[in-house]
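FYI, it's all coordinate maths here, none of it is from the lab. For clarity, every value in this text was computed on a predicted model and none was experimentally measured. Every residue, glycine as well, gets a Cβ built from its backbone with ideal geometry; the counts of neighbours run over all protein chains shown.
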Amino acid sequence: MRSRSVKLVRIVMLNVPPSPGPRVGIFGGAFLRVSNAGGALAKSVGEAIANRGLIAVTGATSGLPHLASRGAIEAGGIVLGISPARNTKEHVEVYKKPLDGCTYIIFTGQGYTGRNYLTVRNCQLGIFLGGEAGTLEEYCVGVYEGLVLGALTNSGGVSELLPEIVKRFHTSHGGAFIFGTEAGKLLDEMLVAYRSLPEKTDYRIGG
């Protein structure tokens, strides 16, 4: 197991290594109590991303995304965290968010809503597990960004409802949506869908 120190980076990312493939956002419940099964599922998401040599992107948050990011780091992966706070002190003391789930952190000072947009904007794929209102917001941004989005429908929360939301309120902006119950299989299907999409100009940070 390889340990990694957290590098605290402001808005312009000069020393984040380029990803060998698409960056994968992890979106999910940061506040609800996590069950043992939910925690194991979240960890498997991070491991799946790291084992495929991809960079994970999170909101530098708590809950399920934190457990997923810890799984990625423990598997030797890299996690880019995008914080709602202006600095480390605000991140920990005001937002009550951990630092140990990220290899790099961008401090945005944009609050939750601004952070959510920037997190989605800086990945090409997004995996959803569990989730509350903020997760639903991230899904909506992902749709309009034309990303390949996937949901673990056995993780509860908003993710459990996304199949019905997609069915009833389908809006196409060039992306794709995939459902599954196993992290590695879901991610592989998402990667196939991503590679089948027309190539787009990518202005994402570090991309």
Zone residues, segment 174-188, relative to ASN51, backbone N less than 14 Å from point 7 Å out along Cα-to-Cβ: 182-188
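Indicate the gyration tensor shape class of segment 102-200 (rounded, prolate or oblate), computed on the Cα atoms with a ≥ b ≥ c the square roots of the eigenvalues: a/c under 1.5 is rounded; otherwise a/b larger than b/c is prolate and the rest oblate. All intermediate terms of the calculation are to be shown ahead of the outcome.
On the way: a/c = 1.41, a/b = 1.22, b/c = 1.16.
It comes out rounded by the Cα gyration axes.
For the chain, what does the helix formula give at 222 nm: sum of -39500 (n - 2.57) over DSSP H segments with n ≥ 4, over the residue count, nearest 500 deg cm²/dmol?
Numbers: 6 runs with 78 residues, N = 207.
It comes out at -12000 deg cm²/dmol, rounded to the nearest 500.
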Percent of C-alpha pairs per 5 Å bin, segment 21-196, short to long: 2, 10, 20, 24, 22, 14, 6, 2, 0
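What is the chain's relative contact order, in percent, from Cα pairs under 8 angstrom and six or more apart in sequence? All intermediate terms of the calculation are to be shown ahead of the outcome.
Working: 469 pairs, mean separation 45.5, N = 207.
Rounded, it is 22 percent for the chain.
Hey, fewest Cβ within 10 Å first, where do LYS185, LYS43, LYS167 land in order?
Details: LYS185 12, LYS43 20, LYS167 9.
So the residues, fewest neighbours to most, are LYS167, LYS185, LYS43.
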